[in-house]
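Below is one structure, written out as structure tokens, with a few remarks after it.
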Amino acid sequence: MRSNTMWMGTLLAVMLGSAGCGEECVDSFDCRDKGTASEGQAWACVEEKCTQVAINNNTGGDDAGTQTDAGTSTDAGTEADAGTETDAGTEPEPNPDPCESATYDPKLGTLQLQTGYVADESAAVSGLANSGHIVVTPGPTYSLYAVVGGSVQSSEAPVVYSLGTWPQVELGAAPLFDVLAPADRGTTPGWIASALVTDGQHLLTGYMRPSGGIAPAAGAVGVHDLTASDASTYLPAPNILYAGAAPGLFLTVSDGLGTVSEGRSVYALKTGAAPFTALKVGTFPENNNGGGAISVSSNGVAMLSYLASSDGRYHGHAVAPAVMDQALDTGTPFAVADAPEAFSFLGPVSAMGDGVAVLRGGDTPPDFAFTDVSRFPFTVTNAGASVTVGAPESVLVFPNQCTLVTTMVPMGSDLLVKVQDKNGARLVRIRDAR
């Protein structure tokens with residue numbers, strides 16, 4: 001829809017996704033670091049290259065896009081034909097944009113909340129146009145933080161700001177700390193913020209070079225103590241793509257972490273005691289195009305994912321708590337693909353209580369044909385050694401593409417979604433009321 005095309009490039013920049021080493025992209029989500037496309041165009045993956053394609057907003061059909069009579073030299077040159085009102089007025093008017101006349105809820109816009117779920121507080125979002133990274137600390141008081149800068153839409157180096165406590169969301173007057181390690185500050189521009197998560201006591205930030213940039217495998221994480229803002233520890237994390245967290249633990253999808261560097265894998269950083277301990281805990285199938293998003297549910301299930309070469313989609317697997325604990329205790333990694341597969345996806349995912357919420361839909365810009373946000377519940381049995389993935393439960397349904405979901409993060413057992421439409425961007429808290 002025309003109402004969404006102007007900021008669709010920003011949506012692409014915050015969507016989850018990564019391409020493999022042999023090509024620039026697999027689908028349009030892999031073009032997230034290309035910035036906002038030119039007006040009237042959108043990024044698409046064409047022959048494994050990120051390419052700007054024209055958006056056809058004229059829905060009047062082939063006749064509306066051609067001017068047969070006016071373009072012929074004979075016809076256009078006759079006074080009678082060129083000057084008649086009948087001929088000049090035959091071009092049909094473009095169909096009106098349905099998003100202009102749609103009904104918008106103050107919180108959810110055109111999104112439809114499903115039975116059993118409640119939209120609680122909402123807050124307007126300002127000053128975060130160039131950030132897709134927001135995190136909420138564990139309750140009962142929810143503190144919010146965001147990365148500002150460090151995207152292809154911004155030339156500013158990435159820094160972390162406080163957003164206050166929910167629902168009084170307001171960008172802080174000054175940044176709290178730098179995402180970049182001291183050695184990378186003031187260097188050649190191009191560092192992209194890739195992660196912002198919390199284990200309850202610390203924030204972990206991540207950054208890397210975008211595809212096609214200088215030293216594309218470079219990257220690092222910063223661990224920042226929330227009780228002492230000047231206490232930050234930076235560790236190498238080459239090509240870090242995603243991060244997740246649980247109490248006393250951070251997880252990354254990267255080519256290494258700290259002194260451990262064993263290729264694209266799942267790495268863990270234990271933060272329960274100083275010094276922090278890094279180790280490799282999970283491996284991906286050999287025929288994958290890259291690791292994917294991480295989410296840890298409230299009952300300890302780690303949803304880990306990878307981009308499959310067979311279908312170009314991310315496949316999420318539910319790793320049982322005991323399997324993760326064993327890898328953390330013994331240092332012997334588990335195979336991610338051996339865990340039960342939960343779903344395949346292309347959009348954002350987020351923990352939501354004892355399950356994971358997934359944005360589902362298509363992958364073709366500018367209107368991605370999103371269908372719904374669904375929650376997949378996880379049931380843990382056998383003393384934490386087994387996990388069962390339940391059937392998806394719709395939380396939000398898209399009757400159209402006039403309001404889109406651009407970010408999802410956990411807020412306790414609830415889900416905080418960032419929605420955007422012609423009325424602006426806002427954060428909305430979604431609660432399971434059952």
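If I ask for residues that are part of a loop (DSSP other than H, G, I, E, B) and in contact with a Leu (Cβ under 8 Å, 6 or more places away or on another chain), which ones from the stretch 227-239 would you list? Working first, answer last.
Within the stretch 227-239, the first condition is being part of a loop (DSSP other than H, G, I, E, B), and the residues that meet it are 227-231, 237-239.
Hits for the stretch 227-239 are 229, 237.
Find the residue count for the stretch 303-312, including only residues that are open to solvent by 20 Å² or more (accessible area, probe 1.4 Å) and without any contact (Cβ under 8 Å) to a residue 40 or more places away in the chain.
Count: 3.
This table checks each residue for (1) open to solvent by 20 Å² or more (accessible area, probe 1.4 Å); (2) of a type in the set (A, V, I, L, M, F, W, C); (3) modelled with pLDDT of 95 or more.
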residue: 115; (1), (2), (3): yes, no, yes
residue: 122; (1), (2), (3): yes, no, yes
residue: 135; (1), (2), (3): no, yes, yes
residue: 141; (1), (2), (3): yes, no, no
residue: 144; (1), (2), (3): no, yes, yes
residue: 149; (1), (2), (3): no, no, no
residue: 153; (1), (2), (3): yes, no, no
residue: 158; (1), (2), (3): no, no, no
residue: 165; (1), (2), (3): yes, no, yes
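Of 216, 210, 175, which residue is open to solvent by 20 Å² or more (accessible area, probe 1.4 Å), within 23 Å of residue 416 (Cβ to Cβ), modelled with pLDDT under 95 and within 24 Å of the chain's Cα centre (by Cα)?
Details: 216 fails: within 23 Å of residue 416 (Cβ to Cβ); 210 fails: within 23 Å of residue 416 (Cβ to Cβ).
Going through 216, 210, 175 in turn, just one is open to solvent by 20 Å² or more (accessible area, probe 1.4 Å), within 23 Å of residue 416 (Cβ to Cβ), modelled with pLDDT under 95 and within 24 Å of the chain's Cα centre (by Cα): 175.
Give the residues of the stretch 161-191 that are closer than 30 Å to residue 414 by Cα and part of a loop (DSSP other than H, G, I, E, B), sorted by residue number. Steps first, answer last, please.
Going residue by residue through the stretch 161-191, those that are closer than 30 Å to residue 414 by Cα are 161-179.
If the condition is that a residue be closer than 30 Å to residue 414 by Cα and part of a loop (DSSP other than H, G, I, E, B), then 166, 167, 170, 171, 172, 173, 174, 175, 176, 179 are the ones that fit.
Under the condition of being at pLDDT 95 or above and of a type in the set (D, E, K, R), which residue from the stretch 257-292 is surrounded by the most Cβ atoms within 10 Å (Cβ to Cβ)?
Only one residue tops the list, namely 280.
Please go through the stretch 252-302 and give me each residue that is outside any strand (DSSP E or B) and touching a residue at least 60 places away in the same chain (Cβ under 8 Å), ordered by number.
271, 297, 298, 299, 300, 301
Which of the residues spanning the stretch 82-113 are in a loop (DSSP other than H, G, I, E, B), among the hydroxyl-bearing types (Ser, Thr, Tyr) and modelled with pLDDT under 85?
84, 90
The values are calculated or read from the model by the stated rules, or taken from the named source; none is laboratory data. Treat the numbers as computed from the prediction; the structure is a model and nothing was measured. Note that each Cβ is placed from the backbone with ideal geometry, even for glycine, and that neighbours are counted across all protein chains shown. Note: accessible area is taken over every heavy atom of the protein model, side chains too, but ligands, DNA and RNA are not part of it. Shrake-Rupley method; radii C 1.70, N 1.55, O 1.52, S 1.80 Å.
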